[in-house]
1. Between segment 27-58 and segment 67-88, how far is it from one alpha carbon centroid to the other, in angstrom?
2. Of the options S57, A24, A72, report the single residue whose Cα projects farthest towards the positive end of the charge dipole of the chain (beta-carbon charges: Lys, Arg +1; Asp, Glu -1).
3. For segment 1-55, state which trypsin sites (Lys or Arg not before Pro) are in a DSSP loop and have at most 15 other beta carbons lying within 10 Å of their beta carbon.
4. Write down the accessible area per residue of segment 1-70 in Å², having rolled a 1.4 Å probe over the full set of protein chains.
5. If you take every residue apart from G56 with its C-beta less than 15 Å away from the C-beta of G56, what net charge results, scoring Lys and Arg +1 and Asp and Glu -1?
6. Could you please state how large a percent of the accessible area of the chain is carbon and sulfur, counting protein chains only and using a 1.4 Å probe?
7. Give me the one-decimal nm value for the distance between modelled label points at K71 and A14, 7 Å along each residue's Cα-to-Cβ direction.
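The values are calculated or read from the model by the stated rules, or taken from the named source; none is laboratory data. Just so it is clear, the model here is predicted, and its values are computed rather than measured. Virtual Cβ from ideal backbone geometry, glycine too; neighbours counted across all protein chains shown. Side chains included, ligands, DNA and RNA excluded: accessible areas come from the protein's heavy atoms. Shrake-Rupley method; radii C 1.70, N 1.55, O 1.52, S 1.80 Å.
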Amino acid sequence: MSYLAFCTFDLKNASSQDYKNAYADLEEMGLRKVQTSDSGGDVVIPTTSAMGAFKGSSSGEVRDYVRNKVKAAFAARRFNSEIFVAVGENWAWGAATT
């Protein structure tokens, strides 16, 4: 089954290069800052967030997998961070700007 994982994070005392590296690490594991909407246009996820679709047997399994991958990548870069991962099935998402 396919699940949508949304990850948001905060890096403590980080530089702009640290954030670029964090987004590169997330991209490598399938969490992207830019998503394609149902209508085909690109949507930029709000700052310090990324999301992606993952296959698994349960939302809890996918949550743990994604959280552990993000945690390991950020620990390898010695980031001091907060990480939040939400996972759901039968998902829908939308974006808007004001």
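1. Using only Cα atoms, the two centres lie 16 Å from each other.
2. A72
3. Sparse-neighbourhood loop trypsin sites (Lys or Arg not before Pro): K12.
4. 56 Å²
5. Value of the local net charge: +1.
6. 48 percent
7. Modelled inter-label distance: 1.7 nm.
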